[in-house]
Amino acid sequence: MKNISLVICLLLASLASLPAAEPENPAFPGVQKAMTSEQYEAAGLSKLDAAERAKLDEFIRSYVAVSNEKVATSAVDKAVKENKVSAPEVIQSRIVGPFTGYTGRTVFTLENGQRWAQSQYDSAYFPKIDSPPVIIVKAGFGYRMYIAGGGAIRVSKVH
């Protein structure tokens, strides 16, 4: 049990050091390189300056990363539901938006598209943290969510 706690603490510490921005997709070279010059001109993208083009590239990378994560998550959920595989023992993600604590009936929406509800009726308040990383660990008959900077609480998946 001490080893599990140590591993979880180390994982939370490493997650806390991650940048809050969406992960980039290094496979996407940017719209200017991804399109032919004819496509680029026809789309009117040559009117964009370098900063505007960088913002568009950043949006596309984030959109593709989130879309890919949702597709992968739904495939895993489907396989678990059909008893082809067992549910993961550890889930890593981030809470969408600011976190200030929980009230006993809080539902947490994660960046990976999953929603988790408290299964214990504790209340706690913490200083505001924007999109804190979380680790959800299968613990006995349920799950425990460890929130970086926000403690730990028992949760159950909202279907």
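The values are calculated or read from the model by the stated rules, or taken from the named source; none is laboratory data. Bear in mind that the values here come from a model prediction, so they are computed numbers and not experimental data. Don't worry about glycine lacking a Cβ; one is built from the backbone with ideal geometry, like all the others, and counts go over all protein chains shown.
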Residue that is surrounded by the fewest Cβ atoms within 10 Å (Cβ to Cβ), among those in region 107-120 that are in contact with a Lys or Arg (Cβ under 6 Å, 6 or more places away or on another chain) and more than 15 Å from S93 (Cβ to Cβ): Q120
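Mind checking which residues of region 121-148 are in a loop (DSSP other than H, G, I, E, B) and surrounded by 14 or more Cβ atoms within 10 Å (Cβ to Cβ)?
Looking only at region 121-148, we keep the residues that are in a loop (DSSP other than H, G, I, E, B), and these are 121-123, 131-132, 140-141, 148.
Result: S131, P132, A148.
Matching residues to (1) assigned by TED's automatic domain parsing to the domain that holds Y63; (2) among the polar types (S, T, N, Q); (3) modelled with pLDDT of 85 or more:
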position: D77; (1), (2), (3): yes, no, no
position: G101; (1), (2), (3): no, no, yes
position: V107; (1), (2), (3): no, no, yes
position: P133; (1), (2), (3): no, no, yes
position: F141; (1), (2), (3): no, no, no
position: Y146; (1), (2), (3): no, no, yes
position: I153; (1), (2), (3): no, no, yes
